[in-house]
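Please read the structure below before turning to the comments.
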2 protein chains.
Amino acid sequence: MAYQGYQGGYGGYGGQQPGGYNQNQGGYGAPPPMMGGAPGINPETQRIFGVVDRDRSGKINAEELKSALVNGRGQNFSDTACRLMIGMFDQDHSGTIDINEFDRLYTYINQWLNAFKSYDRDSSGHIDEGELSSAFQQMGFRFSPDFIKFLVKKSDPQNHREISVDQFIVLCVQIQRFTEAFRQRDSEQKGIIQISFEDFISVALSCST
Amino acid sequence: MAYQGYQGGYGGYGGQQPGGYNQNQGGYGAPPPMMGGAPGINPETQRIFGVVDRDRSGKINAEELKSALVNGRGQNFSDTACRLMIGMFDQDHSGTIDINEFDRLYTYINQWLNAFKSYDRDSSGHIDEGELSSAFQQMGFRFSPDFIKFLVKKSDPQNHREISVDQFIVLCVQIQRFTEAFRQRDSEQKGIIQISFEDFISVALSCST
């Protein structure tokens with residue numbers, strides 16, 4: 001596999017927001033005034049929270065989230081994707097999220113779904129190598145064809161052909177984290193860093209899911 | 001967090017074998033002559049395979065493995081640990097292992113259990129920071145106290161205190177993989193490598209679980 005470096009172009013990706021999609025997609029608008037239920041939470045979100053929270057604990061865990069999310073293959077989202085997303089919004093590290101955290105997660109997932117749809121040009125429900133390459137270009141990355149092949153193979157270990165939306169979310173979040181860690185160490189933006197053994201393991205373990 | 005580098009000492013870890021434990025532990029001996037069942041497989045292993053293979057498919061997947069393995073907390077092994085171990089012995093990438101692959105996995109797990117017991121000096125069923133530090137020293141690693149703290153925190157995200165046997169297996173396999181990847185790039189054994197952006201992501205994604 002040949003590596004070409006990132007050629008100075010990481011951009012397009014910030015914070016916890018998926019990059020490269022149209023921020024003006026639908027979904028629900030500004031929260032209405034409180035009408036019972038959790039303060040400041042849209043009633044539609046409250047309804048969905050109630051459906052996803054199957055054991056009525058007032059909290060959603062990765063398993064409940066998994067049951068509620070289906071990808072373009074008709075499969076539930078992977079454990080990894082659900083654990084990752086819960087972890088991103090689970091501020092007290094309890095392994096669960098409450099309705100306020102779910103409100104943000106719900107927006108986040110909708111943003112990813114819209115981003116994925118825009119990258120899935122043939123509306124197959126999956127992203128292939130060409131579509132993934134374009135997606136990353138739109139996000140500001142310039143990855144080599146071999147690297148794109150590697151990413152598809154890694155994300156779709158069974159068939160090595162295409163990426164479902166949950167695999168896409170996991171991949172993008174990981175790349176986003178690695179990019180941030182790399183950038184912090186690449187002060188001169190050379191595309192090459194020096195890294196020690198412990199730091200290397202630490203970054204790899206911290207950024208992986 | 002301070003990183004001290006690895007100080008030239010990786011050793012003690014090779015291939016798929018857990019390091020730093022007594023190879024002369026019990027378990028079953030050399031396979032007896034075939035007496036029906038799979039050729040060359042110990043009848044006791046065949047019996048255990050039959051118990052773990054709950055759907056009688058002739059194959060074991062990560063879920064079936066999970067149901068069969070319990071850690072010192074009385075919890076089933078994590079999805080991550082089971083997927084990792086199945087993946088290590090699943091030569092055709094089917095997500096399942098047959099009886100011959102299970103034969104090797106069973107030996108492997110027993111080796112880990114014995115290694116873990118030897119590191120768990122107070123026989124608590126878990127490994128704390130001090131025990132983990134000694135364990136890695138026995139495996140030839142010299143990690144800083146801060147890094148050991150980080151590893152415990154990463155492996156035990158709920159309590160940040162101690163590591164169960166399944167968390168220990170996942171951690172050691174990851175460190176083993178990262179060490180190998182690092183060593184390949186550290187030809188002069190300086191404990192510091194230069195790495196490009198794509199290579200960095202590629203290593204991190206390949207070695208993580």
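The values are calculated or read from the model by the stated rules, or taken from the named source; none is laboratory data. Not measured: the values here are computed from a predicted model. Virtual Cβ from ideal backbone geometry, glycine too; neighbours counted across all protein chains shown. The protein model used for the area step is the full one, side chains on, heavy atoms only, and it has no ligands, DNA or RNA in it. Shrake-Rupley method; radii C 1.70, N 1.55, O 1.52, S 1.80 Å.
Structural remarks
- Search result, residues across the stretch B:150-164 that are assigned to a helix (DSSP H, G or I), within 11 Å of chain A (Cβ to nearest Cβ) and free of Cβ contacts under 8 Å to residues at least 40 places away in the same chain: B:LEU151, B:LYS153, B:LYS154, B:SER155
- Restricting attention to the stretch B:135-149 and to residues that are within 19 Å of B:GLU180 (Cβ to Cβ) and part of a loop (DSSP other than H, G, I, E, B), the residue that is nearest to the other protein chains (Cβ to nearest Cβ) turns out to be B:PHE143.
- Checked against (1) within 14 Å of chain A (Cβ to nearest Cβ); (2) part of a helix (DSSP H, G or I), B:GLU44 passes all but a single condition, namely (1).
- Residue under evaluation A:ARG54, criteria (1) open to solvent by less than 70 Å² (accessible area, probe 1.4 Å); (2) touching an Asp or Glu at 6+ places or on another chain (Cβ under 7 Å), criterion not met: (1)
- Any hit, the stretch B:137-150, residues being touching a strand residue (DSSP E or B) at 6+ places or on another chain (Cβ under 7 Å), open to solvent by 10 Å² or more (accessible area, probe 1.4 Å) and of a type in the set (S, T, N, Q): no
- Test: residue in the stretch A:136-154 that is over 15 Å from the mean Cα position of the chain (by Cα) and at positive phi: yes
- Some residue of the stretch A:114-121 being within 8 Å of chain B (Cβ to nearest Cβ), of a type in the set (Gly, Ala, Ser) and open to solvent by 10 Å² or more (accessible area, probe 1.4 Å): no
- Members of the stretch A:165-185 found to be within 11 Å of chain B (Cβ to nearest Cβ), farther than 18 Å from A:ALA81 by Cβ and of a type in the set (D, E, K, R), listed by number: A:ARG183, A:ARG185
- Annotation note: Cβ proximity below 6 Å between a residue of the stretch B:195-209 that is within 7 Å of chain A (Cβ to nearest Cβ) and a residue that is of a type in the set (Ser, Thr, Tyr) and open to solvent by 10 Å² or more (accessible area, probe 1.4 Å) (sequence gap 6+ or interchain) occurs for B:SER196/A:TYR3; B:GLU198/A:TYR3; B:ASP199/A:TYR3.
Matching residues to (1) over 18 Å from B:ASN71 (Cα atoms); (2) assigned to a helix (DSSP H, G or I); (3) among the basic types (Lys, Arg); (4) touching a residue at least 24 places away in the same chain (Cβ under 8 Å):
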| residue | (1), (2), (3), (4) |
| --- | --- |
| B:ARG121 | no, no, yes, no |
| B:GLN167 | no, yes, no, yes |
| B:ALA181 | yes, yes, no, yes |
| B:LYS190 | yes, no, yes, no |
